[in-house]
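To keep things clear, I will list the structure first and then write my remarks on it.
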Amino acid sequence: MKNSKKSVFLEIISKKSSKILYQDNYVTAFRDINPKAPVHILIVSNELIPTLNNIKSRHKNLFSSFFLAAKKIAKKEKISDSGYRIVINCNKDAGQEIYHLHMHLLGGKKLKKI
Ligand code: 5GP
């Protein structure tokens, strides 16, 4: 069901869980529960925005935070130089599972070329 898991990320964010690796006014980052690479971190909007289709021009600061967080976390995880990929899945054809806007940060191995 589309919104059945919408509170999973919100719970981690609002409980100020120890799993949190990074947080600012707009995004929160923590490790994916089912990692697809040695480094697989989710950077999640603090506001519950279901998909990329729901962003508005007022979310400009949020998108700066997404990319700055990715850069900082990649450096902390020591994958800045080896390389990494960021992915946002939107809706069912992309396989979006959690309807709470998030970016995947993947690295730590040579990723299959897309
Ligand atoms: P999506 O397919 O929506 O782009 O990605 C959702 C991601 O969230 C998946 O990679 C999945 O493994 C991860 N995930 C689902 N539930 C949880 C959870 O409760 N905690 C964490 N840390 N990750 C989760």
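Taken together, the values in this text are just the output of simple stated rules run on the coordinates, not laboratory data. Nothing here was measured: the structure is a model prediction, and the numbers come from that model. Glycine gets a Cβ as well: all are built from the backbone with ideal geometry, and neighbour counts include every protein chain shown.
For this structure, a couple of remarks:
- Each eigenvalue of the Cα gyration tensor of the chain, multiplied by 5 and square-rooted, gives one semi-axis; in descending order these are 21, 16, 15 Å.
- Under a Gaussian network description of the chain, with springs only between Cα atoms under 10 Å, the residue in ILE33, ILE49, ILE79 that fluctuates furthest is ILE33.
- Computed [θ] at 222 nm, deg cm²/dmol, the chain (DSSP H ≥ 4; -39,500 (n - 2.57); rounded to nearest 500): -7000 deg cm²/dmol
- Pairwise FRET efficiency - GLN23 versus LYS60, Cβ, R0 = 25 Å, nearest 0.05: 0.85
- Gaussian network model of the chain, Cα within-10 Å springs - most flexible of LYS36, LYS15, LYS72: LYS15
- Of VAL44, VAL27, VAL87, the one that fluctuates the most in a GNM where the chain has Cα springs shorter than 10 Å: VAL87
- From phi via Karplus (6.51, -1.76, 1.60), per-residue ³J(HN,Hα) for segment 28-44 in Hz, x at Gly/Pro: 9, 10, 7, 6, 5, 5, 10, x, 9, 7, x, 10, 9, 10, 9, 10, 10
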